[in-house]
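The values are calculated or read from the model by the stated rules, or taken from the named source; none is laboratory data. None of these values were measured; they are calculated from a predicted model. Glycine also receives a Cβ, built like all others from the backbone with ideal geometry; neighbour counts cover every protein chain displayed.
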Amino acid sequence: MIKLQLPEGAEAEVPEGVSIREALSDVKGIRKAVAARLNGTVVDLSTTLATDATIEPVMPGSDDALEVLRHTTAHVMAQAVARHFGIENVEFAIGPVIKDGFYYDFDLPRTLTEDDLPAIEKLMEQIKRENIEIVRSVATDRDDALATIHGAGAKSKFKQELIRGFPAEEPVSFYTQGEFTDLCRGPHLPATGKLAFFKLLSVAGAYWRGDEKREQLQRIYATAFFDKKELKQLLHQREEALKRDHRKVGQQLDIFRSLPEAPGFPLWLPNGTIIVNQLLAYIREKLEVRAYQEIRTPHIMIDDLWKTSGHYDHYKDNMYFTEIEDRSFAVKPMNCPGAALAYKQGLRSYREHPVRLGEFGLCHRFERSGTLHGLTRVRSFVQDDAHIFCTPAQLQSEILALIDLTHEVYREIGFGVPKMVLSTRPDDRTGSDEMWDNAENQLTEALAKAGATYDINPGDGAFYGPKIDFLVLDAIGREHQLCTIQVDFSLPEKFDLEYVGNDSARHRPVVIHRAILGSIERFIGLLIEHYAGIFPLWLAPTQAMVLPVSEDRHADAAGNILQELRQAGFRAHVDWSNNKLGKKIREATLKKTPYLLVVGDREVDNGTIAVRRRDGTDCGSLEMGALLHMLREERDTRSLVPLLNTPRGDTPQADAPSAAEEDA
RNA sequence: GCUGCCGUAGCUCAGUGGUAGAGCACCUCCUUGGUAAGGAGGAGGUCAUGGGUUCAAGUCCCAUCGGCAGCUCCA
């Protein structure tokens, strides 16, 4: 007999060889269990018990259960693909669980298209209905495993390669469901009938083991959930992401264009340029308060500089080069060397530290054509970069200030509280252990003082120093990495940076690299998607559109209103077309113009303006003075919600994207 | 870069080897209007580029350029 610790403190004694399913048979709701934890490890319910153990069921709703579900769904998808093409025609690669679902890679006799997916889905439903038992088997060693996979019916080039990669003597597990056997660590659901809700999402090319020199495979992305609502939610999120795609919205709102004439180098149209300039002005405000100095460093500098900085060795393949009077120059991919040169101009005293040099530097980096993507992956971009040169003793307070600044900016832009990740020393690194100890301690203490919760990525720091990354959630629940704060001991060495300390000796400063928005291009790409094109007033390219009811009778009144708005610094226009009012409203609304100012006979007579918001809210009629007051307030506080409301004074609420959306 | 798909009017897209199309936008005219599309007319194309097959190519083939998706989250 063996002793078992069961859930909720229960204990049991059972004979050896009993399965977990049997051992847990008295636990409430056990029929819904998808797997079990055996001494902490997730295993099949069919696992038999040989020694004393702690066991508990893995129930739907837990992350473990979801992983098992998705993994089994991947196997069923593979089985369906085998039935679709004939098992002898399919070469199976791997089918792992990923963040929002799973995929499986195959080598197939022909190219898959999206049109194949419904048929495969249907076969999966069929396999689910057949409720085939999923049986684990174990091959004792490598030869046994190779024999098993050989006998499984499908081509097995990749599976054999995997097996040969395992230790020769180690047992290898397989899972069989009907005619389909797959090499797999498991665990799995007990039968295909336990499958829940799934959806095949897309087909894509992929390489065996991600290596572009290896076989090209075909991948099916799919997802699965226990809860139908959660599946629907994910599908909805994907749809929403498509609708908000910054390439589409950026085109509709005339923000930027991607040109065949300049692949990877976006063209900012007037509307986009306004947004860029507003963001830069915003960041400049923050920097002035915090005693930064702004610099502008050369875009093209001689090769030697990049050899000194180490970029030539590490980053050459991503740099552009040019020749000037027979000497080779490089276009800057980063701003740091320029900042180091700026620091070096003159003998520095400890008294002037920290030296905070900000630069909205335009950088150029070569990216492979296949990786380019709208504004989020480009070949030239502006960083809101800064290099802070400080004494080792100042490191912590500077980091703390940066954490603070980052939180402030993200809050004001409308992102939630960012998740922070501390990355510590990698194996391959420069600098003494003492330096790393110091830097990591300073970062850790700064994070503690900021009262922040954060994750640690051990070994993921840059070779020249540890870093803190900031991850924000956007409006539709996607995570993006924006800010990064990196400590650098290496740059001051390479450029022989020094300052005179209070002991009148020369000392080495420490450098902090940081960008808050990251690249302005990428940031605006994310902002477009985060706001769904509905920019807050201070960022909106056109802030108000004056709509005369009759374009000739109310022309003077409209012109006067425009003048006053312009004089108050607002970006306003008049719709001079001879369309009817309804059409003018439709067009301005589709362009997401925050405020529509209607002027007709009534308004001319009363000296007022009828105000409508882009979400359709009627704000009633106001006098010009009152209107300007509210608009200034909303703009100057960079409010994320409209301050002008209905005449009854309803509570302000964000311009709900859904309310203003009716894209034709 | 590699694989697959795609490239037709300013935009969104139809067009399956036989005379280049629609809607929106643009221009002109009519209409001067009250909170999401008033009406009529007009202009606009080397069908990405180059080559090939064919009596005939937007359509089929090849190449080039550009776009889109993907290219380990390791059984």
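Out of A:ALA154, A:ALA93, I need the residue that is touching a residue at least 40 places away in the same chain (Cβ under 8 Å), within 9 Å of RNA strand B (Cβ to nearest atom), of a type in the set (Gly, Ala, Ser) and on the phi < 0 side of the Ramachandran plot. Which one? Spell out how you get there, then give the answer.
On the way: A:ALA154 fails: within 9 Å of RNA strand B (Cβ to nearest atom).
The match here is A:ALA93.
Taking region A:168-214 as the search range and keeping residues that are outside any strand (DSSP E or B) and without any contact (Cβ under 8 Å) to a residue 24 or more places away in the chain, which one is surrounded by the most Cβ atoms within 10 Å (Cβ to Cβ)? Checked region A:168-214; the qualifying residue surrounded by the most Cβ atoms within 10 Å (Cβ to Cβ) is A:ARG209.
For region A:83-114, name all the residues that are of a type in the set (Lys, Arg) and closer than 14 Å to A:PHE180 by Cβ.
Taking region A:83-114 first, the residues of a type in the set (Lys, Arg) are A:83, A:99, A:110.
Residue satisfying the conditions is A:ARG83 alone.
When the strands (runs of 3 or more DSSP E) confined to region A:566-639 are screened for residues that are without any contact (Cβ under 8 Å) to a residue 40 or more places away in the chain, under 15 Å from A:GLU551 (Cβ atoms) and within 8 Å of RNA strand B (Cβ to nearest atom), none reaches at least 3 such residues.
In the set (1) part of a loop (DSSP other than H, G, I, E, B); (2) at pLDDT 90 or above, the condition left unmet by A:GLY451 is number (2). In region A:353-377, which residue that is outside any strand (DSSP E or B) and among the hydrophobic types (A, V, I, L, M, F, W, C) is nearest to A:ILE528 (Cα to Cα)? By that ranking, first place goes to A:LEU375. Within region A:364-415, the set of residues being of a type in the set (Gly, Ala, Ser) and either under 23 Å from A:GLN293 (Cα atoms) or within 16 Å of RNA strand B (Cβ to nearest atom) (or both) comprises A:SER369, A:GLY370, A:GLY374, A:SER380, A:ALA386, A:ALA393, A:SER397, A:ALA401. Could you say whether any residue in region A:101-121 is surrounded by 18 or more Cβ atoms within 10 Å (Cβ to Cβ), assigned by TED's automatic domain parsing to the domain that holds A:GLN216 and either out of contact with any strand residue (DSSP E or B) (no Cβ under 9 Å at 6 or more places or on another chain) or β-branched (Val, Ile, Thr) (or both)? Yes: region A:101-121 contains one or more residues that are surrounded by 18 or more Cβ atoms within 10 Å (Cβ to Cβ), assigned by TED's automatic domain parsing to the domain that holds A:GLN216 and either out of contact with any strand residue (DSSP E or B) (no Cβ under 9 Å at 6 or more places or on another chain) or β-branched (Val, Ile, Thr) (or both). Restricting region A:588-618 to residues that are in contact with an Asp or Glu (Cβ under 7 Å, 6 or more places away or on another chain) and over 19 Å from A:LEU537 (Cβ atoms), the residue that is surrounded by the fewest Cβ atoms within 10 Å (Cβ to Cβ) is A:GLY607. The single condition among (1) farther than 29 Å from A:GLY165 by Cβ; (2) free of Cβ contacts under 8 Å to residues at least 12 places away in the same chain that A:ASP143 does not meet is (1). Does A:LEU183 fit the bill of being near RNA strand B (Cβ under 8 Å from one of its atoms), over 26 Å from the mean Cα position of the chain (by Cα) and in the same structural domain as A:LYS99 (by TED's automatic domain parsing)? So A:LEU183 passes the test.
Per the listing A:ILE149, A:ILE163, A:ILE220, the residue uniquely in the same structural domain as A:LEU69 (by TED's automatic domain parsing) and within 30 Å of A:MET59 (Cα to Cα) is A:ILE220.
Taking every residue in region A:350-375 that is within 17 Å of A:VAL276 (Cα to Cα) and touching a residue at least 24 places away in the same chain (Cβ under 8 Å) and pairing it with any residue that is within 9 Å of RNA strand B (Cβ to nearest atom) and of a type in the set (Gly, Ala, Ser), at least 6 positions away or on another chain, the pairs with Cβ-Cβ distances below 9 Å are A:GLY374/A:SER258; A:LEU375/A:SER258. Looking across region A:540-565, the residues that are out of contact with any Ser or Thr (no Cβ under 7 Å at 6 or more places or on another chain), among the polar types (S, T, N, Q) and either more than 9 Å from RNA strand B (Cβ to nearest atom) or closer than 10 Å to A:TYR595 by Cβ (or both) come down to A:GLN543, A:ASN560, A:GLN563.
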